[in-house]
1. Largest first, please: the extent of the C-alpha atoms of the chain along each principal axis, to the nearest Å.
2. Let me check against my output: what whole-number percent is the relative contact order of the range 3-61, with C-alpha pairs under 8 Å and at least 6 apart?
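No value in this document is a laboratory result; all are computed from the given coordinates. If you're wondering where the values come from, they're calculated on a predicted model, not measured in any experiment.
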Amino acid sequence: MNRKKKEKLGDLALDIAKYIITAVLIATWFNRTEQWQWYDFIIPIIVVISIVWIGLYLTDNNDKRKKGQ
């Protein structure tokens, strides 16, 4: 996969993470959170952290690696 495609995929992953955060926040405004189970909070947090990590990994520019070569 070339660098431009990786950067676009990384940007998409970061956007998806933002959408998940927004969806969870909106859901807490319209639903009572007392009825939520513990995993209703933990699973989105884990998913967002992993998607952000993937997005940052893919958008990482390789300037540091190229300078070393």
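1. Result for the chain: principal-axis Cα extents of 55, 18, 16 Å.
2. 69 percent.
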